[in-house]
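The values are calculated or read from the model by the stated rules, or taken from the named source; none is laboratory data. Computed from a prediction, not measured in an experiment: that's the story for all the values here. No Cβ is skipped: glycine too gets one built from the backbone with ideal geometry, and neighbour counts run over all protein chains shown. In case anyone asks, the SASA skips ligands and DNA or RNA and just uses the protein heavy atoms, side chains included. Shrake-Rupley method; radii C 1.70, N 1.55, O 1.52, S 1.80 Å.
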Amino acid sequence: MEYYTPESFNKASEIATNAQGITRFLAGGTDVLVQLRTDMISPDILIDIKNIPGAKEIECLADGSWRIGAAVTGAEMSEHSELKAQWPGLVEAMDLIGSTQIQGRATLVGNLCNGSPAADSVPAMMAANASVLVVGPNGTRELSVQDMPVSPGKTSLSKGEVISAVLIPARGNNGGDAYLRFIPRTEMDIAVVGCGVNLRTDGEIITEARLCLGAVTPTIQVVSEVTKLLVGNKLDQTILDAVAKAASAASKPITDKRGTIEYRIEVAGVLAKRATKIAYDRARGLK
Amino acid sequence: MVEVNLWSGLRQHADGKDKVKVEAKNVGEILKRLVEAYPGLKPQIDSGVSVAVDGRIIASDLTEPVYQESEVYLIQQLRGG
Amino acid sequence: MNKIHVSTTVNGDDTEFLCDPRETLLDCLRDKLNLTGAKEGCGTGDCGACSVTLDDRLVCSCLVLGAEAEGKKIQTVEGIANGDQLHPLQKKFIEYAALQCGICTPGILVATKSLLEKNPNPTETEVRYWLAGNLCRCTGYDKIIRAIMDTAADMREAH
Amino acid sequence: MALDEQKTDGFKYVGTRPNRPDGLDKVTGRAKFGADMSAPGMLHGAILRSPHAHARIIKIDTSAAEALTGVKAIVTRADFSKNIKFAPGSKGATWSVLENVMANEKVLYDGHALAAVAATSQLIARDAIKLIKVEYEILPHVTDVDKAMAPGAPIIREGTADSSVPDGYHPNVVGYHNSGHGDVAAGFKEADLIIEDSFSTEATHQGYIEPHACLATLGQDGKGELWCTTQGHWAAQKICAALLDLETSQLRVTASEIGGGFGGKTTVFIEPVALALARKANRPVKLVMSRSEVFRATGPTASTSMDIKIGMKKDGTITAAQGTFRLQGGAFPGAPGNFTAMCAFAPYSLKNVNQIGYDVMSNRPKQAAYRAPGSPMAAFAVESIIDELCNQLDLDPFEVRLKNASRKGTKASFGPRFDDIGLVETLEAAKAHPHYSAPLKEGQGRGVSCGFWFNFGGETSVTLALSLDGTAQISVGTPDVGGSRASIALMAAEELGIPYEHIRVTVADTATLGYNEISHGSRVTYASGLATIKAARDAIKKLCKRAAIKWDIPEDAVKWQDGCAVPSGPNAGDFDPIPIKQLTATMGATGGPIVGHFEANPEGAGVSFATHIVDAEVDKETGKTSIIRYTVVQDAGKAIHPTYVEGQFQGGAAQGIGWALNEEYIYGEDGRLQNSGFLDYRIPLASDLPMIDTVIVEVPNPGHPYGVRGVGETSICPPLAAIANAVSAAAGVRLRQLPMSPPRILAALKVK
């Protein structure tokens, strides 16, 4: 295995473009090193992007939107009080991944590029309508997180492309987000079901809403049915029950070592209800 | 004579008896006499049994004494975790 | 084989080693620097027995490449005591019997020291969640948590 | 072995809580565990393991691996003893270990070892393993106990059953146990309510955080050194010597500090492989398992399928009890179907009882002992039914248990009469504990359960050598799995009358002491403790003799008191006490070194009971259970170091909580283990558990000079049932299958 520490994303992209054999980018390494240790993947080329200027920066841009460098860790996000105040759901989603030790290393971009349908931060990013900056052989492009996952373990990035940052829209007024996942223990597990919700209100009326489910479909997706149910309405028990039903209906899970089809469908509804309620309260400043 | 109680699984090898009387002064002699009387018990005894004498479970020491009035039970050889 | 030369600081000492790019920081600490205090319980970041700090950030050294240590500052369990003075956590762990077999102890001490530096007054729940990635199979955590809460209180008083 | 006299009070050191002697080493990273040792010129080993659950090995081609630079030796089964022959049942125990250590004609489970490499680095060894080509003929497999017993199930190995198995069973049934007394059918006729139900538990792993690790050296001269993490290095010595055709005494085994065992480190896996590699390469070889190897190839506990029937009168009297326990022990005989059966009804005084146990083979790793092997599963089934009987007859669970409890003189369900036991005392203490009367919140439920385990003595050998300055060094042969150096030093301090700090306890290697049975069966504080007391008394006898010479009085006119030799009475003469220091300072001139010994099989381990109380809360929308409060009450006989006794209670409860709620071996249709890591084999985390309260009950064990009972294992017996009973109370559904995972609880709530 060859190990590179390029000084720019362009250079990183160039190494990857010209690489022969299995290539992996290294940010936090919490997926790549596990794959290496368990002989799942033995990369020939490993490109460490942590030393690239800007890769570890969290920046609030002039329009109120956020730029989170590709090597920013979960711990750094949790310690950023302003980001956390604006996007609590997104920061909590990232914070739920693994232990304190994992938080010291793991990144949003790593979680996204790993391509797992059960990734915790991805439903939250997707609900927030986040996008990523992709540096490739043909220059830089912006790609919506929603368009990233292709199938379990696969993303829409092509050879030589590397993500330099995640872009989170400006929070704006009366917005709130939330992420909940179900795991059998209190920590450390992979999500059996995950649910991210982001919405905006005008008084008691919901004006914008996006709900995304994790671990219940081959790729993480927005449940558009829920947007239709919520927008233009106040949140009451009837609506919440309908949200739960829609989330369950959108779930097409599998039975595996972490849960059964029936269980995941049921719990998707439960989490959708609970997360929507939290996001709604947050949007209205009720916490 | 010492009366020895056999667990149900052993009885198939001792003409169906649940109690057998043997002449013995210690645990080792009990086992020896049992095998002499019922050769079918040999594999089980060879592979290890414990002997409870008046409620005290003797896991391995064949020199432990027994008396005529002792309550003697064969039980499975003990192990632990 | 193309070995990588790494210059780093371990427990305050300037240190150099050569490593294969596939070797983890844990491998390098244990096999090249003879610092066997950090343990490999899983190799996949699930047990925390290999906990160290890397530029003051708590990490699993099994999930860091040796090559990534270049120019960094590493602290291991071997560096917790100050000369012949045990760290208050070390003293309290012995006093409370907060260990039975002791294999998880180095990782838990490193992790807890890092917590108390960040948050000198943690709640029991905060301690339990901070240590969720440090598995202990012997103690049921009870005496560990009590030792930590008591150490934190002592250290606050001492300040 | 008769006991001279029992001391149960007036202790000076016993019952105090000093710091453990090895504490400093363990908080500074200095303690050397299995993987922490290295040797000059050392190679690193790696093992090739089967990806198949059951397959015939057609061909192993190692040529590409041999050609890799840095590879120094490759071994297969051909490099091990050819003198060990297959035999049925436990007579074939050594063959079973060999076959498990390195497969011969067939691989029998996912993870079964079939070749190993030693190379100049761990990475090269692992790369080399991938270059070994194996041709397999895949065979049908079975990984479920009920299916493995059914007609037509794939046969793991014909002829393995021992003479206990009656005719007519599938060849996978390799052990059978049937015991009890009275007339069960008549007993059921007397009952007002009979409940009959079936239960199952999944295999769980001991989950020690330290993987198996060793460092081996072995020359062509047949002399070897082995450093390994083990609960019993004499057992490792014996078995490794047999597997490699060595003379036992030529192999010296040193036990490293052990990073948890819980029964799982009572046998060998990689140690003989490292020795074989070392012999072939003529260099030291270090072999360390990965976590995945630990799960795939080392012993989990047996999984079970159980049928229980209990009859009760309206007043709570149990009239009859019957149980059938089918244990899946993996690809070799040895699952504790017998102990499961024998423990099942032990807490109760029963007129009519019958229990049947089966040992069943399947394509899973060879089960190993796990803390009170068999008993927790039986308690889960039996205590769940007792709880259900109490519910349906509207009886208090403690009143019913007290009414039926085993006491001194009770004819045990497994045959003999109980001597002094503390079940009633644990029940009364639990009932009186504030936990039992504390209010519960909505959604919470409380469960109680009893548990029982046999303890064990075994071969024990201790040497206590006095130093010139009057301090003592004790060599014991039982690896310190949880603070036993402290309890042993306390007992020696008590006898010698010298401060605890003046004693150093060392876990000796196999060359230093006679054979010592493994640290298992909760035996260390009991047996090594007893041996230490006896060795100290032996040394004291010698000290008294030296004083007698000095005073020129008969030996028996001297006694030992508070660390000094004193005249035994007014008739012995009027002499000032001689402190130990003075006697040892001159020992070279008064007869030579003073050393106390004890070598025997202490046969009075006694049995042990516990009662647990637990509060659980169930989220009825997700089926998730949280443990809110937990109290362990257990009879320790006499707590030598109460803090470490509490630690054993808490650790057992925590492991039981994991077993009850989340831990399980999950096999796919392909017979492969799907969760061979701590990510998906979910042991309890710090954030999962509450504080675990403890109450130490002390009903002295008549078989120990201070009344000690082993405490290590019994604490894992009650939790499974106690939690099942609490979940039942909280959610209104009875879970009959472990683990009580959220999907299972939610499914049960749906059909309610």
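Close amide-amide hydrogen proximity is noted between D:LEU43 and D:VAL285, D:LYS286, each under 5 Å apart and 5 or more residues distant or on a separate chain (H modeled in the peptide plane; Pro and chain starts excluded).
In order along segment A:41-52, the Karplus-derived 3J(HN,Hα) couplings, from 6.51 cos²θ - 1.76 cosθ + 1.60 at θ = phi - 60°, round to 9, 10, x, 8, 10, 10, 10, 7, 9, 5, 8, 6 Hz, and Gly and Pro are given as x. Here the 3J(HN,Hα) profile of segment A:75-80, calculated from phi with Karplus coefficients 6.51, -1.76 and 1.60 at θ = phi - 60°, is 4, 5, 5, 5, 7, 8 Hz, Gly and Pro shown as x. Kirkwood's formula applied to the C-alpha pairs of chain C gives a hydrodynamic radius of 16.0 angstrom. Applied to segment D:477-489, the Karplus parametrisation 6.51 cos²θ - 1.76 cosθ + 1.60 on θ = phi - 60° returns per-residue 3J(HN,Hα) values of x, 10, x, 7, 8, x, x, 5, 4, 5, 5, 5, 4 Hz, with x for Gly and Pro.
Over the protein assembly as shown, the hull volume per residue, using the convex hull of the C-alpha atoms, is 185 Å³.
Rolling a 1.4 Å probe over the protein heavy atoms of segment C:88-158, with every protein chain left in place, gives an accessible area that is 51 percent carbon and sulfur. Computed from the alpha carbon positions, the gyration tensor of segment D:290-402 leads to an equivalent ellipsoid with semi-axes of 32, 14, 10 Å, biggest first. Remark: accessible area buried at the B-D interface is about 2700 Å², both chains counted, probe radius 1.4 Å.
Each listed q (0.17, 0.19, 0.20, 0.23 Å⁻¹) maps to a log10 I(q)/I(0) for chain B, found by the Debye formula over equal Cα scatterers with no solvent: -0.58, -0.73, -0.82, -1.10. Taking Cβ atoms as reference points and 15 Å as the exclusive limit, the residues near D:ASP509 contribute a net charge of 0, counting Lys and Arg as +1 and Asp and Glu as -1. Counting every alpha-carbon pair across segment D:623-739, the share separated by more than 23 Å comes to 41%. Report summary: the helix-based calculation at 222 nm, which adds -39500 (n - 2.57) for every DSSP H run with n ≥ 4 and divides by the residues of chain B, gives -6000 deg cm²/dmol.
From the square roots a ≥ b ≥ c of the eigenvalues of the alpha-carbon gyration tensor of segment C:72-120, which class results: rounded (a/c under 1.5), prolate (a/b over b/c), or oblate? Taking the square roots of the gyration eigenvalues as a ≥ b ≥ c, segment C:72-120 is rounded.
Expressed per residue, the C-alpha convex hull volume of segment A:175-283 stands at 87 Å³. Computed over chain D, the per-residue total of -39500 (n - 2.57) for DSSP H runs of n ≥ 4 gives a 222 nm mean residue ellipticity of -8000 deg cm²/dmol, rounded to 500. Inter-part distance, segment C:108-130 to segment D:112-133, computed on C-alpha centroids, equals 41 Å. Only the Cβ atoms of Lys and Arg (+1) and of Asp and Glu (-1) were treated as charged; on that basis the dipole of segment A:130-287 about its Cα centre amounts to roughly 160 debye. Using the Cβ atoms and a cut-off under 13 Å, what net charge is assigned to the surroundings of A:CYS113, where Lys and Arg are +1 and Asp and Glu are -1? Neighbourhood net charge equals 0. Heavy-atom surface analysis with a 1.4 Å probe gives chain A a carbon and sulfur content of 50 percent of its accessible area. Pairing chain D with chain C buries about 4200 Å² of accessible area. This figure sums both sides and uses a 1.4 Å probe.
Note on chain A: Cα-only Rg and Dmax are 18.6, 57 Å.
From helices alone, chain A scores -9500 deg cm²/dmol at 222 nm; the rule is -39500 (n - 2.57) for each run of n ≥ 4 DSSP H residues, then divide by the residue total. Amide H contacts of D:GLY357: D:HIS177, D:ASN178, D:PHE325, each under 5 Å away and 5 or more positions distant or on a separate chain (H built 1.01 Å from N in the peptide plane; Pro and chain starts excluded). Note: segment D:420-470, Cα convex hull, 228 Å³ per residue.
Note on the protein assembly as shown: dipole from Cβ charges, positive end direction compared against C:THR44, B:GLN12, C:SER61; the farthest Cα belongs to B:GLN12. Note on segment A:244-287 and segment D:714-752: Cα centroid distance 24 Å, given to the nearest whole angstrom. The C-alpha radius of gyration of segment C:88-158, expressed as a fraction of 2.2 N^0.38 Å, stands at 0.98.
Amide H to amide H distances under 5 Å link D:GLN737 with D:SER200, where only residues 5 or more positions off or on other chains count and H is placed in the peptide plane. For segment D:606-667 versus segment A:102-146, the inter-centroid distance based on Cα atoms is 42 Å. Per residue, segment A:175-283 exposes 36 Å² of accessible surface when a 1.4 Å probe is rolled over the protein heavy atoms with every protein chain present.
Counting charges near C:SER7 (Lys, Arg +1; Asp, Glu -1) among other residues having Cβ under 15 Å from its Cβ returns a value of -2. One way to sum up the overall shape of chain D is the equivalent ellipsoid from its Cα gyration tensor, whose semi-axes run 42, 38, 22 Å, largest first.
Peptide D:412-422 has a mean of 4 when you count, residue by residue, the C-beta atoms of other protein chains within 10 Å of its C-beta. Here, segment C:4-79 has an Rg and a Dmax of 10.8, 30 Å when only alpha carbons are counted.
In terms of the Cα gyration tensor, with a ≥ b ≥ c the square roots of its eigenvalues, is segment D:1-113 rounded because a/c is under 1.5, prolate because a/b exceeds b/c, or oblate? Verdict is oblate for segment D:1-113. Computed from label points 7 Å out along Cα-Cβ, the spacing between D:GLN674 and C:ARG156 is 4.6 nm. No disulfide-compatible partner, judged by a Cβ distance under 4.7 Å, exists for the following cysteines of chain D: D:CYS240, D:CYS343, D:CYS390, D:CYS450, D:CYS544, D:CYS564, D:CYS717. Relative to the longest principal axis of the Cα atoms of chain A, the long axis of helix A:9-18 lies at roughly 70 degrees. Placing dummy labels 7 Å off each Cα toward the beta-carbon, the span from C:GLU16 to D:TYR436 is 7.0 nm. Scaling the Cα radius of gyration of segment D:367-473 by the globular reference 2.2 N^0.38 Å produces a ratio of 1.56. Ordering D:PRO434, D:VAL505, C:THR8 by Cα displacement along the dipole of the protein assembly as shown toward the positive end leaves C:THR8 in first place; charges were set at the Cβ atoms of Lys, Arg (+1) and Asp, Glu (-1).
Evaluated with a Cβ-only charge set (Lys, Arg +1; Asp, Glu -1), the protein assembly as shown carries a dipole of roughly 1120 debye about its Cα centre, given to the nearest 20. Considering chain A as a Gaussian network with a 10 Å cut-off on Cα pairs, which listed residue, A:GLY139, A:GLY74, A:GLY269, attains the greatest mean-square fluctuation? Per the Cα network of chain A with a 10 Å cutoff, A:GLY139 tops the list.
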